[in-house]
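So the structure is just underneath, and the comments pick up after that.
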Amino acid sequence: MLTIHGQRHRFCDGVSRRNFLKIGALGLGGLTLPQLLRAEAQSGVGKSHKAIIMIYLPGGPPHQDMFDLKMDAPAEIRGEFRPIPTKVPGIQICEHLPRLAGMMDKLVPIRSISDAVDDHSDFMCLIGRSKRNQPPGGWPSFGSTVSKLLGPVDPAVPPFIGLEPRMQHHEYNDATPGFLGLSHRSFSPDGSGKADMVLNGVNLDRLADRKTLLAGFDQFRRDVDASGLMAGMDSFNQQAFGMLTSSKLLEALDLTKEDRRVRELYGKGDPKPHGDAAPMMMEQFLTARRLVEAGARCVTVAFGFWDYHGNNHQNARQDLPLLDQGVAALVTDLHERGLDKDVSVVVWGEFGRSPTINKDAGRDHWPRVSCALLAGGGMRTGQVIGATDRLGGEPADRPVAFGEVFATLYHNLGIDVNKATINDLSGRPRYLVDGHQPMKELI
């Protein structure tokens, strides 16, 4: 906790920077929250608040058992599930996704993502580029790029918030701010981090005294700083104090303030980690909606464990209904609150699953084709993009690259991928996607 008592000053109690809102230069030499806020001065805040909710399914979900069932394939490929009609004539999806089927006019399944890699990592889903030949520092995640380009909507709410936990398989947390640095890393409001957002043991008057002391330190550092890097620090520190003393972020994280009917719409889910990945908690989706409504620009969620090398259909019977309820509740909620034009939703995993069911009744890794589900953002919904061959193993029509989806999401935020760049550590401007354009079917 943040504790300020008399002559003893104890900050953070071992909690890492990403889980703790540091004030100004209280760490004196460590990274501080004002660095997160510099993005606003460099590029300005957008005129309208657009946002992205990105739902990552760790392990790679079975595309042919969700949105691309192959009833004409042999039994060892076809599997056990049956397709059901949806609200859009001609579009069918899995019988265990009835809520999503009933709102297909608000959704876009993509059946032909074609450039996945055989790597259990969130890298492609949160960054959209190859890990090979990265610039020094590495490629930044989507949310970090948005934080850099657009900055915060409100200084009390970080622009990029990651709700995913630290997972046992560490590569599920591979995506980083890369060469953009820790000031654009996602803020992670986990249990301990939420407690650190409360001023325990200090009132606002004493905090103001601390702020005055901080200003004195900064003035000294400014006097001895020949480079001029300290110029303008006062304004950033002012915003950092504003974030700490505002209740806006903490209230957004408090689901008890939400209407009971809405909480019941989302449901509870399972708080225990699945496999070596994440819990399946629908409350995460509600929290994501509350955070973007409060001012976050990008919120990421990790949901479940989808690496079904064994008992594919048994596992999917348990997991698909939870995904169905959580995503359907989120999309419904966004529409009911009039946020469907401003908030884009993307649901996907790092790759698909093999057409042939293996000896353990599972499906193995299959990067040749995978799926995604899009909603909101003012996109043209109620359609399917792409198709696979008869066995669901290769794209047969309209192969889609991860970069095209990212280009579309940037477009939905008002960012022109043909013009916007971010500088790497050498000062070289880098485009946001590798030559990809927003998907014409969606915009």
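Readers should treat all values here as calculations from the given coordinates under stated rules, not as data from a laboratory. It should be emphasised that the depicted structure is a prediction, and the values quoted were computed from it without experimental measurement. Cβ sites come from the backbone with ideal geometry, for glycine too, and all protein chains shown count toward neighbours.
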Whole-Hz Karplus couplings 3J(HN,Hα) for segment 282-299, θ = phi - 60° and coefficients 6.51, -1.76, 1.60, Gly and Pro as x, run 5, 4, 4, 5, 5, 4, 4, 4, 5, 6, 5, 5, 7, x, 5, 8, 9, 10
Quick calc: nm separation of the 7 Å Cα→Cβ label points for residue 335 and residue 168 -> 3.8
Checking rank on 55-62, 268-275, with mean other Cβ inside 10 Å and highest first, the result is 55-62, 268-275
Computed over segment 306-435, the relative contact order (Cα-Cα under 8 Å, seq sep at least six) in percent reads 19
Per residue, the convex hull enclosing the alpha carbons of segment 339-434 has a volume in Å³ of 151
Counting every C-alpha pair in segment 315-364, the percent lying more than 19 Å apart is 48
Taking alpha-carbon centroids only, segment 115-186 lies from segment 293-371 a number of Å equal to 19
Checking rank on 383-390, 284-291, 249-256, with mean other Cβ inside 10 Å and highest first, the result is 284-291, 383-390, 249-256
Sorted on mean Cβ neighbours within 10 Å (highest first), peptides 331-344, 116-129, 411-424 come out as 116-129, 331-344, 411-424
A student applying the Cα gyration tensor rule (rounded when a/c is under 1.5; otherwise prolate if a/b is larger than b/c, oblate if not) would label segment 55-158 oblate
Calc'd 3J(HN,Hα), segment 398-412, phi into Karplus 6.51 cos²θ - 1.76 cosθ + 1.60 (θ = phi - 60°), Hz, glycine/Pro = x, comes to 6, x, 10, 9, 3, x, 5, 5, 5, 4, 5, 5, 4, 4, 5
